Amino acid sequence: MSKTITMSTRPKAKPDADKWVEERSSRPHGIENIKQKRLTLDMDASLHTELKLHCVRNDIQIAEFLRGLIRKELALAESGR
């Protein structure tokens, strides 16, 4: 007994989606075109919630906020506090 199935052609991608992929920037807005490194850290859930709420209220991305804090702390350390 032979079984056959009918397969339709692959659906065409939406032109808008293709355009978005081709034109999007690989870096978030405001990041210079320099080599990036990823930082991962663990924090308790309540601190994470506070961080997210702070960033939402101040209309800033978490990564942007944390980069600013790190830069500020490093500048203070360099100046001898």
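The values are calculated or read from the model by the stated rules, or taken from the named source; none is laboratory data. Note that the structure is a prediction, hence the values are computed from the model and not measured. So basically every Cβ, Gly included, is an ideal-geometry build from the backbone, and we count neighbours across all protein chains shown.
Here is a yes/no grid of residues against (1) assigned to a loop (DSSP other than H, G, I, E, B); (2) at pLDDT below 75; (3) not small (Gly, Ala, Ser):
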{"site": "3", "(1), (2), (3)": "yes, no, yes"}
{"site": "7", "(1), (2), (3)": "yes, no, yes"}
{"site": "10", "(1), (2), (3)": "yes, no, yes"}
{"site": "13", "(1), (2), (3)": "yes, yes, no"}
{"site": "50", "(1), (2), (3)": "no, no, yes"}
{"site": "55", "(1), (2), (3)": "no, no, yes"}
{"site": "64", "(1), (2), (3)": "no, no, yes"}
{"site": "69", "(1), (2), (3)": "no, no, yes"}
{"site": "76", "(1), (2), (3)": "no, no, yes"}
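A residue that is modelled with pLDDT of 95 or more and surrounded by 11 or more Cβ atoms within 10 Å (Cβ to Cβ) can be found somewhere in segment 30-48.
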